[in-house]
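A short worksheet on the structure shown next.
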Amino acid sequence: MHVADNSAKAQRDDWVFSLAEEPSKKVSGERLGFVYGKEMLRRRFDREGAYRPTDASAARIRGAAERALELNDLSELSRLSSALVTCAKFDVESIEEFGLRMATLEQRGQAGGEGYRRLEAARDYMAMNGLMPLKTRYGDGDGRGAAEGNSRDGRREDERQRILAAERQWAQQDQRRERGRR
């Protein structure tokens with residue numbers, strides 16, 4: 001993948017993405033989705049603890065994006081982009097974690113909400129295309145587990161905090177978009 005600044009004459013400062021092997025096939029970041037614009041990506045890069053797919057998932061995601069670019073299938077790129085945004089917003093790194101986030105929203109009476117629908121759509125897309133591992137990162141030897149006491153309660157609280165933070169971000173982005181339309 002190759003990334004370059006767009007034209008100095010362009011209305012917005014953005015990046016242009018292309019395949020390294022086929023530099024003539026280009027798409028701007030915001031055309032892939034608002035969160036792939038230069039400003040949003042820079043903010044995400046600055047955030048610590050943001051969603052990072054495993055190496056295997058990253059390779060599969062890259063392959064899916066390349067196939068969509070080769071076919072000039074912007075709707076597929078949009079679906080991929082939307083799923084990745086949802087994974088980032090809710091810090092989901094496996095198919096199993098989608099269920100955890102959705103269960104938390106159900107417990108809070110938000111099963112029909114926008115966040116729940118986005119999680120459901122992203123889970124279905126990622127599972128259908130095999131772009132994410134099935135199991136969670138918890139209990140993978142990274143120091144979490146029984147030695148910490150009741151780690152399940154800690155994870156649930158961490159999950160709730162991430163969901164609340166994601167919901168605040170979504171609301172702020174909606175407000176910014178609304179202001180931009182005026």
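The values are calculated or read from the model by the stated rules, or taken from the named source; none is laboratory data. Note that the structure is a prediction, hence the values are computed from the model and not measured. Cβ coordinates were reconstructed from backbone atoms using ideal geometry, including for glycine residues, and neighbour counts include every protein chain displayed. These area figures cover heavy atoms from the full protein model, side chains too; ligands, DNA and RNA do not enter into them. Shrake-Rupley method; radii C 1.70, N 1.55, O 1.52, S 1.80 Å.
Things worth noting here:
- Residue match in segment 59-72 (condition: assigned to a strand (DSSP E or B) and open to solvent by 70 Å² or more (accessible area, probe 1.4 Å)): no
- Set Arg31, Arg47, Arg79: member being modelled with pLDDT of 90 or more and under 28 Å from Glu178 (Cα atoms): Arg79
- Qualifying residue in segment 19-27 (condition: acidic (Asp, Glu), in contact (Cβ under 8 Å) with a residue 12 or more places away in the chain, over 19 Å from Leu71 (Cα atoms) and open to solvent by 40 Å² or more (accessible area, probe 1.4 Å)): no
- Residue list for segment 96-115, restricted to those being open to solvent by 30 Å² or more (accessible area, probe 1.4 Å) and either within 26 Å of Gly29 (Cα to Cα) or aromatic (Phe, Trp, Tyr) (or both): Glu114
- Of the numbered criteria (1) surrounded by 15 or more Cβ atoms within 10 Å (Cβ to Cβ); (2) at pLDDT below 90; (3) assigned to a helix (DSSP H, G or I), the one Val92 fails is (3).
- Filter pass, Ser151 being surrounded by 12 or more Cβ atoms within 10 Å (Cβ to Cβ), among the hydroxyl-bearing types (Ser, Thr, Tyr) and modelled with pLDDT of 85 or more: no
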